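Read the structure below first, then the notes.
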Amino acid sequence: MKYGNKTNKLINILLKKNIKICVAESITGGRFAFEIIKNKNASKIFDYGLVTYSDDSKSNILGLKDKINRTNVVSTEMSKYMVKEVTKFAKHKKVLAVSCTGQAGPTVLNTNFPIGTVFIGVSYNKRIFSFRKCFSQKDRTSIINSTVKEMIKVCLNIIQA
């Protein structure tokens, strides 16, 4: 799957606006970070990325134990909690933070949503957003790739608004 043009566009906009990006990934397992850092000038805009795939890592690294006990890890709320917590590590003044959580299968983590449902959290300019997307593909790799593509698109939309 090719992300090149949109990824480079995002990097260039972040460069021009002097914004750093940070990420807390679950469903994508670091794929979003890779899609950013494999490009020229990524070191100038990419601050850090955390892969918090398991509930334990979300609890221990992001401090979300109480939140996990109250809400499902595949939810709007969790994407917002994740993005809020990952932002706390940032030292840069202008930060775009993004998170993702979802169901790539085969195990259903939230019976309220089908396999292919993902939630993308974004924090920018003291505002937190969450976007739900349901991908019709049923294989893990396609869902993960589609999630990364959507994360790049969402970041672009927010940073250009």
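The values are calculated or read from the model by the stated rules, or taken from the named source; none is laboratory data. Keep in mind that what you see is a predicted model, and the values were worked out from it rather than measured. Heads up, the Cβs are rebuilt from the backbone with ideal geometry, glycines too, and the neighbour counts pull from every protein chain shown.
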Q | Matching residues, segment 79-115, being within 16 Å of C134 (Cα to Cα), hydrophobic (A, V, I, L, M, F, W, C) and within 17 Å of the chain's Cα centre (by Cα) | A | C100, A104
Q. Which of the residues spanning segment 74-95 are at pLDDT below 95 and buried (at least 21 other Cβ atoms within 10 Å of the Cβ)?
A. none
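Being touching a Phe, Trp or Tyr at 6+ places or on another chain (Cβ under 7 Å) and under 21 Å from K88 (Cβ atoms) is the filter here, so list the residues in segment 1-32 that pass it.
I21, C22, V23, E25, S26
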**Q.** Boolean, N125 is out of contact with any strand residue (DSSP E or B) (no Cβ under 7 Å at 6 or more places or on another chain), of a type outside the set (S, T, Y) and within 21 Å of N157 (Cβ to Cβ)
**A.** yes
Q: Determine which single condition L10 fails, assuming it passes every other condition in (1) surrounded by 18 or more Cβ atoms within 10 Å (Cβ to Cβ); (2) farther than 21 Å from N125 by Cα.
A: (2)
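Quick grid of which residues meet (1) of a type in the set (D, E, K, R); (2) closer than 18 Å to A24 by Cβ:
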{"residue": "K84", "(1), (2)": "yes, yes"}
{"residue": "P106", "(1), (2)": "no, no"}
{"residue": "S130", "(1), (2)": "no, yes"}
{"residue": "S146", "(1), (2)": "no, no"}
{"residue": "I152", "(1), (2)": "no, yes"}
{"residue": "A161", "(1), (2)": "no, no"}
Q) Among all residue pairs at least 6 apart or on different chains, which show Cβ distances below 8 Å where the first residue, located in segment 29-42, is more than 16 Å from L96 (Cβ to Cβ) and the second is of a type in the set (D, E, K, R)? A) R31/E25
(Q) Here is a check on your reading of the model: is T141 free of Cβ contacts under 8 Å to residues at least 60 places away in the same chain, surrounded by fewer than 21 Cβ atoms within 10 Å (Cβ to Cβ) and of a type in the set (S, T, N, Q)? (A) yes
Q.
Can you pull out every residue in segment 99-131 that is touching a helix residue (DSSP H, G or I) at 6+ places or on another chain (Cβ under 7 Å) and in a loop (DSSP other than H, G, I, E, B)?
A. A104, G105, G116
Q: Go over the candidates L14, L96, L50 one by one and state the one that is touching a strand residue (DSSP E or B) at 6+ places or on another chain (Cβ under 8 Å), part of a helix (DSSP H, G or I) and of a type outside the set (D, E, K, R).
A: L14
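Regarding segment 31-54, can at least one residue be identified that is closer than 17 Å to Y124 by Cβ and more than 16 Å from the chain's Cα centre (by Cα)?
First, pick out the residues of segment 31-54 that are closer than 17 Å to Y124 by Cβ: 32, 36, 45-49.
Keeping just the survivors that are more than 16 Å from the chain's Cα centre (by Cα) gives none.
There is no residue in segment 31-54 that is closer than 17 Å to Y124 by Cβ and more than 16 Å from the chain's Cα centre (by Cα).
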Q: Scan segment 112-138 for residues that are touching a residue at least 40 places away in the same chain (Cβ under 8 Å) and β-branched (V, I, T) and jot them down.
A: T117, V118, I120, I128
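Just checking, does segment 63-75 include any residue being basic (K, R) and touching a strand residue (DSSP E or B) at 6+ places or on another chain (Cβ under 9 Å)?
no
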Q: Among the residues of segment 53-85, count how many are more than 22 Å from P114 (Cα to Cα) and either of a type in the set (D, E) or assigned to a loop (DSSP other than H, G, I, E, B) (or both).
A: 7
